[in-house]
Structures are given as structure tokens and as C-alpha cells.
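Engineer: Here it is: the structure, laid out below.
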Amino acid sequence: MKKSLLIVFLLLVIAPLGVISWLSYSNIARERAVSAERYAILARKQLEQIDRLLQVRIRELEARLREYSDIYALEAEELRRIARNTRIVDQLFVIDDEHRFVFPPESGELSAREAEFLETAGRLELPLVLGNGGAAGASAPGAGGVSGPDTGAERGQTVTGMARNDTAGAGGGWYTWFMDEGVHFLYWQMAENGYRTGVVIDRIAFISDIIAALPDSDFTESTVYEDRIVMTDARGDVLYQWGLYSPGDGETPVAAVALSQPLGSWRLLSYVDTGSGTSLSSRYGALLPGAAAGVIILILLSVYFYRENKKIVEDALQKVSFVNQVSHELRTPLTNIRLYTELLKERASEGKDRRQLDIVLSESTRLSRMIANVLTFARSEKNGYEANPARVAVDDVIRKVVESFAVSLESKSMQVVLSCNAPGPVVTDRDFLEQIVSNLIGNAEKYAASGKYLEIASSQDGGLTRIFVKDRGPGIPARERTRIFEPFYRISNKLTDGVSGAGIGLAVSKMLAEKIGGKLSLERDGGGAVFKIELPDDMTGETT
Ligand code: ADP
């Protein structure tokens, strides 16, 4: 197959394959984005459901804590006993209607924990804040180091953070604050006598209650949690996690949800394995058959075109070889015709007979030239022709060729001007040179007879022999200058239509000129055509 054809063929196959791959890739990318979106929505819903589950736990706990609304009536010792014996209670407190602590007593015997609580409560100005119905907000007169909740600024800081009310209301609710080891919770209520009673929640017990409401972290048997759900605290540290999937380092969660109050500083994150789990065929199932069909069609098409092309090339080669054989067969009888015509001409007397024999001779020479061109062309297609270098006198060749055209040129009343200045011998292929000059003179005779003029000039200098074949015919239009050297190309116009020819004369001449180390070109000239042959003194490269 020809190189350019092969490139076109490959392009025809590769370009659509490229387009199909690109389309499949962009489809897959789009599908991935859509499924990631779907995963995110589903994951978010799942996290919200977990949040609702935790809220049920919180409501249950609230119901239990509401039982401590009337503790203002109890003795200090009784309050201490309750705190000691109740798992969820870290500390109880009572604040009177004048914002003073009734319990733990501001003056009197205090345990270390009570003293610590009073100190923290003082910093948070708890009596005042709860006196306002817990509406401390961001402007709470908190102690030093106040910062906004959930900002992360509390990370790593010591002691106080920010007091905030969660489930606000004058009647009570949750209240959380940050200290160095994390978030702290208390639940307070307004008693009937205007006192505020409250429970500081035991963090460890509270967190373990919350976690107990969540699925088992050793959930390996279940297929419900194929993903990974992580609960983090305000610092982003993991409090608890469960699910079969192990996210990679730095993997971003597909969804994140902040828990409802009083757990508002905690977050639930969901990590989903979007890469595996589902097989390639189920994910891109709709896409694969289409792409596969496209590829198969392309492969079939390429096989089809390849075979068709092979057949065309084989057919063409067969035709060339047929023409080649026929031309070969014609050559011997033609040589005989010319030989016997020459003999007859010698014996014929001057006059009509001789002129008729001249015509037979010139026509058979024309036929021989055509056959020579066909044979050369056929051999060149198979790369099967080689030059035979010998010492040749260029002017002799020119004279001999012009002589063979004498009758036909004369019959067309063409004036022939010979200006031979290349007497020195050159090393070249005599037959090739003869064929080139014959083709050029033959063309002048065929296409430029109207100019009635043909000039053949030769010269030698600087290691080069130049032969010019000039006529005064219609010339070659500028746009055809290179095309006339292409095989089978013929200019079609009023002058050339009707003139016989196969369109290979110039192509063959150019090939032959190059074969003997020379060049054939069309000179730029005003009227008529001027062809130039350039020959090296020695086509073998040796100096003569
Ligand atoms: P062919 O003569 O068989 O058509 P060639 O390869 O010899 O093929 O020539 C190609 C074309 O170039 C011709 O068809 C003709 O139109 C044009 N041509 C060649 N020589 C001349 C010339 N001397 N004057 C005008 N046209 C020419």
C-alpha cells in the first residue's frame, strides 16, 4: 500500500477511534459526576437519619433530667449523694432568684469538684446567663479567651471557651461550653419558686450513651453500612466510627452534616467507596456496548477497505503487466515494419512512392516511441529499469532524433533550427537521452505545430550539458507547469483536445532524466513552451 494511502487509512481508523474513546471518556466522567452527586444526596439523607436517631436519645435523656427540677428543696448532702450515685450526673446545682448559687454553696465546705465547677460557672457568669433565660449568645460575658463556638478557635486552648445556650427558653434547656478537653453539657430548668436547677452532665457517660445509640463499630457482617460514617468533635477528632469501607488518607467525605443541638459542635461525615463495589459493566453498562459496536464496525470497515484497496492494486498491476506484455509483443513486428520500409524506400524512385514510405516510417517511429514510453513507465512502476552508462556525443543523439522527425515536421511546415554546441562526450544512457529528446520534439510536433517553429539548442559548460527544446505553440499555462509532469495528466483545451496521447510522455522523460543524474524542467518563457534538459558530464559521478 502507498505510504500516503496508508496514512489516510490509519487516520480514517484512528480518528473515529479517538472520537469514540473521547466520547466514552467524557460520558464516563459525566456519569461519575452524576453518581457522585447521587451518592452525596443519599449519604446526606443517611446522616440526617442518624442525627434524628440521636435526637430521640437526647429527648429520652431530657425526660430523665427533668426529674431534677425540684432539687432546690433537698439538702446539700442529698444532692451530693445523687451526684455520686447517678451515672449521667457529674454535678447538680441550684441558683436562687437573685443569681446566687445555693448549691454548691458559695461559702462553706466544698469538694474539689464543686470548687472547680463554681470557678468555671463564675467565668461563664452562669447565674446571670441562666437568669436571662440562657440567652447568652455570642455576647455572653464569658471569661478570658472567649471565642465563637464551632470556629475551631477553641482547639487546644485551655479552660474556658464560650458559653452558649442551645435549646433556649426561659424555662430551661441545654447549655454547652468549651473547655480544653472539649465540649461540656448542662441541662437546666426553672423551678416553680423562680430558682434555676441544673445538672452538669458527665461527659464520658453522655458520650457513651450517644455512641450506644449508634450502630456497632464492628459491623463487618452487615451490608447496610458498606460505607464509613465518622463522628467528629469540635476539634475534628474522631469520637466514633463504623462501616466496612476504609477511606484513604486525606480522602474527602461525600457528605458532612452538623448534628442538632446540643451536639451542634459535632459532625457526622460519610465516606463512600465510589470506585469499586459495582462492576465496570454495571456502571458503564449502557456505554460499553455502543463503544464496542463502534470499534467492531471500524475494524470491519478497515478490513473491508484494506481488502478492496489490495484488490484495486492487484487489478492495476495486472493491467500494467498486460499493457507491458502487449507493448513488448508489438515491438518486434514494428521493428520489422520499419526495417523493411527503410529497404523499400532505398529501392523506391523519387516521387509519390518515396513520400508514402516516409509517412509509413514516421508513423511507425511514433508508434515505437509510444511503446517505449509505455514499457519504461511500466518498468518504473516496478522499479525495474536501470541506466546503461556509456560515452555518448549529445549532439549526435540530437541530430539523430531530429532526423527521425524530419518528414513529420516538414509535413507540418515546421521550421527546425538546430544550434548544437555540445560536441564533447558525456557518460550517460544513450537510449534514455534519445527517449527524452524524442518525447519533447514529439510534443512540440503534436501541440505546437501552429507556431511553425522548433528550436533545439545544446551547450556545455561547468560540468553540465544543457539541451533546450523551444517552440512557438500555445505554451503551458502557469497553473499547469508542475502538473504536466504527473503521469496521465493531460491539459484539456481547444488546441490539445483531439491530439492523441496517454499523458505519460513528460512523466517518463522526467524520470529518465533523473535516472541519469540530470533534470528536466519547463522554463519560464513568454510564448510557446521551452523545456530544458540538464545532464551531468558523468552520470556515474566519475570524472571523464
Ligand atoms: P501526452 O502528450 O501523451 O498527452 P505528455 O506527458 O507528453 O502526455 O504531456 C502532457 C501534456 O502537456 C499534454 O497533454 C499537453 O497538453 C501538454 N504539453 C506537452 N508539451 C507541450 C508543448 N510543447 N506545448 C503545449 N503543450 C504541451
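Engineer: Can you find even one residue in the stretch 501-516 that is part of a loop (DSSP other than H, G, I, E, B), more than 7 Å from the ligand (Cβ to nearest atom), at pLDDT below 95 and open to solvent by 30 Å² or more (accessible area, probe 1.4 Å)?
Structural biologist: No, every residue in the stretch 501-516 fails to be part of a loop (DSSP other than H, G, I, E, B), more than 7 Å from the ligand (Cβ to nearest atom), at pLDDT below 95 and open to solvent by 30 Å² or more (accessible area, probe 1.4 Å).
Engineer: Only one of V402, V426, V407 is crowded, with 21+ Cβ neighbours inside 10 Å and touching a residue at least 24 places away in the same chain (Cβ under 8 Å). Can you tell me which? Show your work before the answer.
Structural biologist: Numbers: V402 fails: crowded, with 21+ Cβ neighbours inside 10 Å; V407 fails: crowded, with 21+ Cβ neighbours inside 10 Å.
None of the other options fit; the residue is V426.
Engineer: State whether one or more residues within the stretch 85-97 are surrounded by fewer than 16 Cβ atoms within 10 Å (Cβ to Cβ) and part of a helix (DSSP H, G or I).
Structural biologist: Among the residues of the stretch 85-97, at least one is surrounded by fewer than 16 Cβ atoms within 10 Å (Cβ to Cβ) and part of a helix (DSSP H, G or I), which makes the answer yes.
Engineer: Next question, about the same structure. Could you give me the residue pairs with C-beta distances under 6 Å whose first residue belongs to the stretch 203-214 and is closer than 21 Å to A83 by Cβ, whose second residue is open to solvent by 10 Å² or more (accessible area, probe 1.4 Å) wherever it lies, and which are 6+ apart or on separate chains?
Structural biologist: Once the first residue is closer than 21 Å to A83 by Cβ and sits in the stretch 203-214, its partners that are open to solvent by 10 Å² or more (accessible area, probe 1.4 Å) give A205/R87.
Engineer: Can I ask one more? Of (1) modelled with pLDDT of 90 or more; (2) among the hydrophobic types (A, V, I, L, M, F, W, C); (3) under 57 Å from the mean Cα position of the chain (by Cα), L375 satisfies all except one. Which?
Structural biologist: (1)
Engineer: For the stretch 470-485, what are the residues that are near the ligand (Cβ under 8 Å from one of its atoms), assigned to a loop (DSSP other than H, G, I, E, B) and in contact with a Leu (Cβ under 7 Å, 6 or more places away or on another chain)?
Structural biologist: Hits for the stretch 470-485 are P474, I476.
Engineer: Additional query: Can you tell me which residues in the stretch 378-409 are of a type in the set (D, E, K, R) and under 59 Å from the mean Cα position of the chain (by Cα)?
Structural biologist: So the first thing to find is which residues in the stretch 378-409 are of a type in the set (D, E, K, R), and the list is 379, 381-382, 386, 391, 395-396, 399-400, 403.
If the condition is that a residue be of a type in the set (D, E, K, R) and under 59 Å from the mean Cα position of the chain (by Cα), then R379, E381, K382, E386 are the ones that fit.
Engineer: Among the numbered criteria (1) more than 7 Å from the ligand (Cβ to nearest atom); (2) among the aromatic types (F, W, Y); (3) in contact with a Gly (Cβ under 8 Å, 6 or more places away or on another chain), which single criterion is violated by Y489?
Structural biologist: Among (1) more than 7 Å from the ligand (Cβ to nearest atom); (2) among the aromatic types (F, W, Y); (3) in contact with a Gly (Cβ under 8 Å, 6 or more places away or on another chain), the lone unmet condition for Y489 is (1).
Engineer: Got a number for residues in the stretch 269-325 being of a type in the set (V, I, T) and modelled with pLDDT of 80 or more?
Structural biologist: Counting residues in the stretch 269-325 that are of a type in the set (V, I, T) and modelled with pLDDT of 80 or more gives 8.
Engineer: One residue is enough: does the stretch 486-497 have a residue meeting the conditions surrounded by 14 or more Cβ atoms within 10 Å (Cβ to Cβ) and not in a loop (DSSP other than H, G, I, E, B)?
Structural biologist: Checking the stretch 486-497: not a single residue is surrounded by 14 or more Cβ atoms within 10 Å (Cβ to Cβ) and not in a loop (DSSP other than H, G, I, E, B).
Engineer: Quick one: D525 ticks every box in (1) modelled with pLDDT of 90 or more; (2) in contact with a strand residue (DSSP E or B) (Cβ under 9 Å, 6 or more places away or on another chain); (3) more than 8 Å from the ligand (Cβ to nearest atom) except a single one, so which number is it?
Structural biologist: Evaluating D525 over (1) modelled with pLDDT of 90 or more; (2) in contact with a strand residue (DSSP E or B) (Cβ under 9 Å, 6 or more places away or on another chain); (3) more than 8 Å from the ligand (Cβ to nearest atom) leaves (1) as the failure.
Engineer: Which residues, taken from the stretch 175-230, are among the acidic types (D, E) and either within 23 Å of A63 (Cβ to Cβ) or modelled with pLDDT of 90 or more (or both)? So that I can check it myself, show each step before the final result.
Structural biologist: Step one: of the stretch 175-230, the residues among the acidic types (D, E) are 180-181, 192, 202, 209, 216, 218, 221, 226-227.
Selection gives E192, D202, D209.
Engineer: Being part of a loop (DSSP other than H, G, I, E, B) and either open to solvent by less than 10 Å² (accessible area, probe 1.4 Å) or free of Cβ contacts under 8 Å to residues at least 12 places away in the same chain (or both) is the filter here; which residues of the stretch 193-202 pass it? Don't jump to the end; show me each part of the working.
Structural biologist: Going through the stretch 193-202, the residues part of a loop (DSSP other than H, G, I, E, B) turn out to be 193-195, 202.
Selection gives nothing.
Engineer: Which members of the stretch 441-463 meet the condition of being open to solvent by 50 Å² or more (accessible area, probe 1.4 Å) and away from the ligand (no atom under 13 Å from the Cβ)?
Structural biologist: Matches in the stretch 441-463: K452, Q460, D461, G462.
The values are calculated or read from the model by the stated rules, or taken from the named source; none is laboratory data. Just so it is clear, the model here is predicted, and its values are computed rather than measured. For neighbour counting, all protein chains shown are included, and Cβ atoms are generated from backbone atoms with ideal geometry for every residue, glycine included. Areas reflect the complete protein model, heavy atoms only, side chains present, ligands, DNA and RNA absent. Shrake-Rupley method; radii C 1.70, N 1.55, O 1.52, S 1.80 Å.
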